[in-house]
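Here is the structure we will look at, set down as structure tokens.
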Amino acid sequence: MIRAHRLGRGKELDLLFTRGRRFHSPFFQIAVRTRAASDAGPSRFVFVVPKSVDKRAVVRNRLRRRACEYIRRRITSMPRADIAITVKKGAAGATRADFYAGLQEILARI
């Protein structure tokens with residue numbers, strides 16, 4: 001994902017987690033904060049896969065890459081907002097098809 005679509009650490013990320021709307025599903029938790037109309041930038045994303053999902057970094061990185069690739073392919077259809085996607089523990093054991101279906105379902109609710 002290109003740098004313009006990544007949300008870095010700092011004040012904006014804190015605002016997203018404290019004031020953003022939250023959506024939950026069995027595999028994901030999403031925090032969304034819509035951006036002002038005057039802010040001409042693209043949608044920005046951050047992907048969080050905590051150690052509680054799996055202690056192995058290989059598994060956590062695989063889940064992060066799957067979510068990132070899903071968003072990258074659909075970036076043009078995403079609303080202009082800051083979005084944090086947190087992967088939950090159940091996603092580690094899910095098949096790829098179930099993972100993508102769960103992500104599609106929760107993003108449709110935004």
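Taking the numbered list (1) surrounded by 14 or more Cβ atoms within 10 Å (Cβ to Cβ); (2) in a loop (DSSP other than H, G, I, E, B) in turn, LYS55 passes all entries but (1). The lone criterion from (1) free of Cβ contacts under 8 Å to residues at least 12 places away in the same chain; (2) surrounded by 11 or more Cβ atoms within 10 Å (Cβ to Cβ); (3) charged (D, E, K, R) left unmet by ARG80 is number (1). Considered as a group, the residues in region 87-110 that are of a type in the set (Lys, Arg) and in a helix (DSSP H, G or I) include one that is nearest to HIS5 (Cα to Cα), and that residue is ARG96.
Taking each residue of region 1-30 that is within 20 Å of ILE106 (Cα to Cα) and looking for partners that are aromatic (Phe, Trp, Tyr) and not in a strand (DSSP E or B) with beta-carbon atoms closer than 9 Å, six or more apart or interchain, yields PHE27/PHE99.
Just one of (1) small (Gly, Ala, Ser); (2) over 21 Å from ILE2 (Cα atoms); (3) touching a helix residue (DSSP H, G or I) at 6+ places or on another chain (Cβ under 8 Å) fails for ALA84. It is (2).
Considering only region 24-47, state which residues are surrounded by fewer than 17 Cβ atoms within 10 Å (Cβ to Cβ) and among the hydrophobic types (A, V, I, L, M, F, W, C). If the condition is that a residue be surrounded by fewer than 17 Cβ atoms within 10 Å (Cβ to Cβ) and among the hydrophobic types (A, V, I, L, M, F, W, C), then ALA36, ALA37, ALA40 are the ones that fit. Summed over region 31-52, the residues that are within 19 Å of GLU69 (Cα to Cα) and in contact with a Leu (Cβ under 7 Å, 6 or more places away or on another chain) give a count of 5.
Which of the residues that make up region 1-52 are over 23 Å from LYS89 (Cβ atoms) and in a strand (DSSP E or B)? If the condition is that a residue be over 23 Å from LYS89 (Cβ atoms) and in a strand (DSSP E or B), then ARG6, ARG33, THR34, ARG44 are the ones that fit.
Working carefully through the options ARG74, ARG62, find the one that is over 16 Å from PRO26 (Cβ atoms) and at pLDDT below 95.
Result: ARG74 is the single residue among ARG74, ARG62 that is over 16 Å from PRO26 (Cβ atoms) and at pLDDT below 95.
The values are calculated or read from the model by the stated rules, or taken from the named source; none is laboratory data. Here the structure is a predicted model, which means the values were calculated and not measured. Methodologically, a virtual Cβ is constructed for each residue, glycine included, from the backbone with ideal geometry; neighbour enumeration extends over all protein chains shown.
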